[in-house]
Structures are given as structure tokens and as C-alpha cells.
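To start, the structure under review is shown below, and the notes come after it.
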Amino acid sequence: MRIGWIDYLNTLPFNFEKTGIDLGFSHELVKGFPSQINRLLSEKKVDVGFISSVHYIQNFNDFLILPDLSISSLNKVKSVVILSEKPLEKTTQIYLTEESKTSQYLTKVIFEIFLGKNPVYKQLLDEDIKNKETVLLIGDKAIKFSNKKNYRYDLSEIWFKKTGLPFVFALWCVRKDYYEKNKEKVKKLNHVLKTSKNRFFENPEKYIKDQFLINYLKNLDYCLSEEHIKSLKLFSNYLLEINLINEKPTFRFIEDKNETYNF
């Protein structure tokens, strides 16, 4: 099994190799940032991957979702931010990280739906943010540069204030064709990821020493409930409204009979 793996701090709870769980069959972790894993899954160069929720929304006919798993936020996420020298309402141009399509599209929803603005969007191709007035950053870079501008806006917090819903940044998904031939392996991976997540949060100090980073991870939401799906559907409706997608997605899951595994 080729597993598309995003090697960010916020994926650490899913890292079953670090939490000491044996997957029980041969596998390879193919590492990259979110947009790379999106592409590799669509190109069949990985079989299962942790992908941007937007990539699922745009390609829902190709994938199935692994239940009960996501990276979401119930308010502030801290690692998906707009940094700016001026208030958001006065922003006319923004540089968008190429690392996450979901964050790019959420930025466009915030500007075009919530604020009624149409700024110029440009690609952020490097870490040189000093001479760029407004930038979108995600992941470890968002934490690293968090105090480099006069204004800092947490995108998940904006979403929560407008909708009252969690925002789902990423989902664990499997290609339908791979799942049909490897159902038991995929179900086993699903349970291993859930077990790893639970084991990590039982004693996070065992795996990471920095209390700031522990608090950052505890602030995130790794579940996938009906509220999360409701949020994904609302996000999809907004994307339709501003012509970023062409049809409403359906959210389909692998079969999960709650098999019991001993780890």
C-alpha cells in the first residue's frame, strides 16, 4: 500500500509508526505537501492519501472517505492564516501559498462571499514574505511567520464566526478502484489511524516535548461527524456560487463494520 503522507506537525497524531502500531502489511509512506498528495492520488501514484477537502469535493467520483478522521478546527486553527500589513477589508491583492488548495479556496470564499470583495490573487512561490503586503500561509510556515505582519487572521476562526460550524481542511481518502481490490487492508489502515490518534492524545508528552506545540495539536479537531459533513456541504455550496466547482459533491465512505483489532 502506497500511503500519501503530509509530514506536517498537525499530522503527527496519525503517525502510527511513531505511536508504535504495526500496520501488519507492507506499505510505503510517500511524503509531500497537501497539493502534491492530491495530485499523486489522482495520478494513481499513491493508493490512500490524506488530501485537501477541496480535492475530494472536486473529484468525489474517484474517491471514498475513511470515516471518523479529518484535520478540522472548531474555531482557531493557528496554522492557516492570512498575514497582512493592512486590515482584511482594505486588502486588494493577496499572495496564496501553493501548498493547499482548500486554504486557497477558503480564502476566496472569505473575500468574495463574506466580504464581497474581489482582490487580485497571486501565487506565493517562496518564503520571501517581507515585501508582500498580504499572504496566505499554512502549516509549519504559518506558525513560523505568525508575528511578521501587523495583522493576523485565522481562516478557521472567520469560518466559525460566520457559520457556527467546524471547518474541515483535510480528509483521509482512498481511490475507489484500489478499495474494491483491497478492502480489508484499507479498513485496517482506518482503524490503525484512529488508534494512533487516540493513543497520541492519551499521552502527547511522550511524543513531543514542546508544550506550545502540544497545545496547538490539542486545539485541532481530528473527528468527522455529521456537523463536519454539514460544513463540507455548505463550503461546497459557496464554491459553486463563485464558480470554483461545477457540481455538488456527494460524500461517500468505505464500508466500516467496526472490526476489532488488537494493537
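Could we say that LEU217 is at pLDDT below 95, in a helix (DSSP H, G or I), closer than 26 Å to VAL174 by Cβ and outside the structural domain of PHE111 (by TED's automatic domain parsing) here?
On the way: at pLDDT below 95: yes; in a helix (DSSP H, G or I): yes; closer than 26 Å to VAL174 by Cβ: yes; outside the structural domain of PHE111 (by TED's automatic domain parsing): yes.
In short, yes.
Here is a check on your reading of the model: is LYS31 over 20 Å from ASN198 (Cβ atoms), in contact with an Asp or Glu (Cβ under 8 Å, 6 or more places away or on another chain) and assigned by TED's automatic domain parsing to the domain that holds LYS218? Here the answer is yes, as LYS31 does meet what is asked.
A quick yes/no check of all residues on (1) surrounded by fewer than 19 Cβ atoms within 10 Å (Cβ to Cβ); (2) in contact with a Lys or Arg (Cβ under 7 Å, 6 or more places away or on another chain):
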| site | (1), (2) |
| --- | --- |
| GLN123 | yes, no |
| LEU136 | no, no |
| LYS149 | no, no |
| ASP154 | no, yes |
| LYS162 | yes, no |
| VAL168 | no, no |
| TRP172 | no, no |
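Scan the range 108-121 and give yes if some residue there is in contact with a Ser or Thr (Cβ under 7 Å, 6 or more places away or on another chain), crowded, with 18+ Cβ neighbours inside 10 Å and either closer than 27 Å to TRP5 by Cβ or outside the structural domain of PHE14 (by TED's automatic domain parsing) (or both), otherwise no. Even if it seems obvious, please write down each step before you answer.
First, pick out the residues of the range 108-121 that are in contact with a Ser or Thr (Cβ under 7 Å, 6 or more places away or on another chain): 119-120.
The next check asks that each one be crowded, with 18+ Cβ neighbours inside 10 Å; those that pass are none.
No, the range 108-121 contains no residue that is in contact with a Ser or Thr (Cβ under 7 Å, 6 or more places away or on another chain), crowded, with 18+ Cβ neighbours inside 10 Å and either closer than 27 Å to TRP5 by Cβ or outside the structural domain of PHE14 (by TED's automatic domain parsing) (or both).
Of the numbered criteria (1) touching a strand residue (DSSP E or B) at 6+ places or on another chain (Cβ under 9 Å); (2) surrounded by fewer than 21 Cβ atoms within 10 Å (Cβ to Cβ); (3) of a type outside the set (A, V, I, L, M); (4) modelled with pLDDT under 95, the one PHE50 fails is (2). On the basis of being charged (D, E, K, R) and without any contact (Cβ under 8 Å) to a residue 60 or more places away in the chain, does GLU241 make the cut? Here the answer is no, as GLU241 does not meet what is asked. Listed by position, the strands (runs of 3 or more DSSP E) enclosed by the range 85-181 include none that has at least 2 residues that are farther than 30 Å from LEU41 by Cα and touching a Cys at 6+ places or on another chain (Cβ under 7 Å).
The values are calculated or read from the model by the stated rules, or taken from the named source; none is laboratory data. The shown structure was predicted, so the numbers you read here are calculated from the model rather than taken from an experiment. Backbone-built Cβ (ideal geometry, glycine too); neighbour counts: all protein chains shown.
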